[in-house]
Structures are given as C-alpha cells and as structure tokens.
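Structure record follows, encoded as structure tokens.
The values are calculated or read from the model by the stated rules, or taken from the named source; none is laboratory data. Since the model is a prediction, treat every value here as computed from it, not as a measurement. Here the Cβ positions follow ideal geometry from the backbone for every residue, glycine too, while neighbour counts run over all protein chains shown. Heads up: the accessible areas ignore ligands, DNA and RNA and are worked out on the full protein's heavy atoms, side chains in. Shrake-Rupley method; radii C 1.70, N 1.55, O 1.52, S 1.80 Å.
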Amino acid sequence: PQVVQLLRKAAKAAKIPYQDEILLAGGTDAAAIQKSPGGVLAGVISIPGRNIHSPGEMINLKDVELAGKLLAEACMMAE
C-alpha cells in the first residue's frame, strides 16, 4: 500500500494519467518479493499492451515515456 500511495501521489504531482490495475490472474515477481522473509516494499508500473507475450505485442510509446516519467517522479519523492 505504501508504494501504491507513492505512485499515485507522483502521478498526480506530475499530471500523469493513471489507472489502478487489479489482476484476476497472473502476476509479477513483485508479489514474491513482498512475501519474502522480512518483507520488502514493492510496486509495479504496468504498460498496457495488445497481444502480450507474443512476437506481435504492441504498445503505445507515449505510455512508455509516461511510465518512465512516473518512475522518475516517484524516485525523487521517495528520497
């Protein structure tokens, strides 16, 4: 929850549109590291795509740029 709050705050500060994602299936390594002994704060910034996990996957480059901007903003806020 702390990382999600930080990412939302960073998105609002930088005027980056965002949408919360709720995975009904699948996941990332972030869940595994959160559950490690002692726990680790973790969060994920997802980039929407079509035909994921295939050679024909497509993404919008603007989404990639905004994801990088969001990550940078969140890192600056976390310092």
| query | Of the residues in the stretch 47-64, how many are surrounded by 12 or more Cβ atoms within 10 Å (Cβ to Cβ) and without any contact (Cβ under 8 Å) to a residue 12 or more places away in the chain? | reply | 2
| request: Just name the residue that is farthest from V3 (Cα to Cα) out of those in the stretch 65-79 that are free of Cβ contacts under 8 Å to residues at least 40 places away in the same chain and of a type outside the set (A, V, I, L, M, F, W, C). | output: E65
| query | Can you tell me which of V44, V3, V40 is open to solvent by less than 90 Å² (accessible area, probe 1.4 Å), of a type in the set (V, I, T) and not in a loop (DSSP other than H, G, I, E, B)? | reply | V3
| task | Give the residues of the stretch 13-27 that are on the phi < 0 side of the Ramachandran plot and exposed (fewer than 12 other Cβ atoms within 10 Å of the Cβ), sorted by residue number. | result | P17, Q19, D20, E21, I22, L23, L24, A25
| message | One residue is enough: does the stretch 12-23 have a residue meeting the conditions without any contact (Cβ under 8 Å) to a residue 12 or more places away in the chain and not in a loop (DSSP other than H, G, I, E, B)? | response | yes
